[in-house]
Amino acid sequence: MEEDAENVVARCDKCQRYANNMHRPAELLHTVISPRPFMKWEMDIVGPLPQDKEKVQFLLVLRDYFSKWVEAGALKQKRLGKSKGNWPEELPGVLWAYRTTAKTATGETPFSLVYGSEALIPVEIGEPSTRFTLATEESNDEELRTNLDLLEQRREASLIRMEAQKQIIERYYNRKAHLRYFKIGDFIRKKVFQSTKTTGAGKLNPNWEGPYKVRGIIGKGAYELETMDDKVLPSSWNVVHLKKYPRSGIVQL
């Protein structure tokens, strides 16, 4: 009876749609290394955030893989917009604090890896530091030239540090991986995202949608999907958001 019940649940359409999300990695970690600043960027959209006066709710964030330098702006109606709300006004200060804080991955601040020297932060002017009080235009120019001469050495040391840290993270991540592979023609379910949830459904919204068919294998856990009537889905989809759909013997409850 237990075996029959498991088989029924495994092929039950509604059971699959409302099944819990899977959190274990379904693919080995693929690290990305950039050998020099601003060669590779990552982009993400953060939100929804509390609305400001101009109804801005999202933040577009870009980060350089090497230096960890960050650019960000308020996002409104598919474009960057200037707004007078609370959190958009705080954004420049937050970015400055991030750029002048040393990162574990590199051991350096993003500012120093980009410009070759550390920034003079406002507190060093309000409460004068030795660096501020003893600085002259001539000594500052000389120090800047020295820092630029040593910049490549500093970047090389940061690159070695990043590579070592990524290897540690990769080993830890891969130990938890529960690998899943699909082949062309397989039927699968796709995770429901915030943008595809039914409005007002709340907790009653299903966690999985589909079924879809695997149209192509992009590589590194990425797949191209199509609907049951052969319409191709835009972009590719990572295996962590997909799970197998047992096509045969579907049971409707």
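In the structure shown, the pairs 176/243; 14/231; 40/243; 103/190 are assessed against 28 Å; a Cα-Cα span above that value is assigned to 40/243; 103/190.
Suppose R0 equals 51 Å. What FRET efficiency, 1/(1 + (r/R0)^6) with r the Cβ-Cβ distance, do residue 120 and residue 173 give to the nearest 0.05? Kindly include the intermediate steps, with their values, before the conclusion.
Details: r = 39 Å, r/R0 = 0.76.
The computed FRET efficiency comes out at 0.85.
Among 109, 227, the sequence by solvent-accessible area, most first, with a 1.4 Å probe is 227, 109. Couplings 3J(HN,Hα) for segment 105-120, derived from phi with the Karplus relation 6.51 cos²θ - 1.76 cosθ + 1.60 (θ = phi - 60°), are 5, 10, x, 10, 7, x, 4, 5, 6, 8, 9, x, 8, 7, 6, 8 Hz, where x marks Gly and Pro.
Each residue of segment 164-174 is assigned a 3J(HN,Hα), and the resulting list reads 5, 5, 5, 5, 5, 5, 4, 4, 5, 5, 5 Hz, derived from the Karplus form 6.51 cos²θ - 1.76 cosθ + 1.60 (θ = phi - 60°), x at Gly and Pro. Annotation: residue 226 carries an accessible surface of approximately 20 Å², with a 1.4 Å probe and no ligand, DNA or RNA atoms counted.
The values are calculated or read from the model by the stated rules, or taken from the named source; none is laboratory data. These figures come from a predicted structure and were not determined experimentally. Using ideal geometry, Cβ is built from the backbone for each residue, glycine included, and neighbour counts are taken over all protein chains shown. For the accessible areas, the whole protein counts, side chains as well, though only heavy atoms, and no ligand, DNA or RNA atoms are used. Shrake-Rupley method; radii C 1.70, N 1.55, O 1.52, S 1.80 Å.
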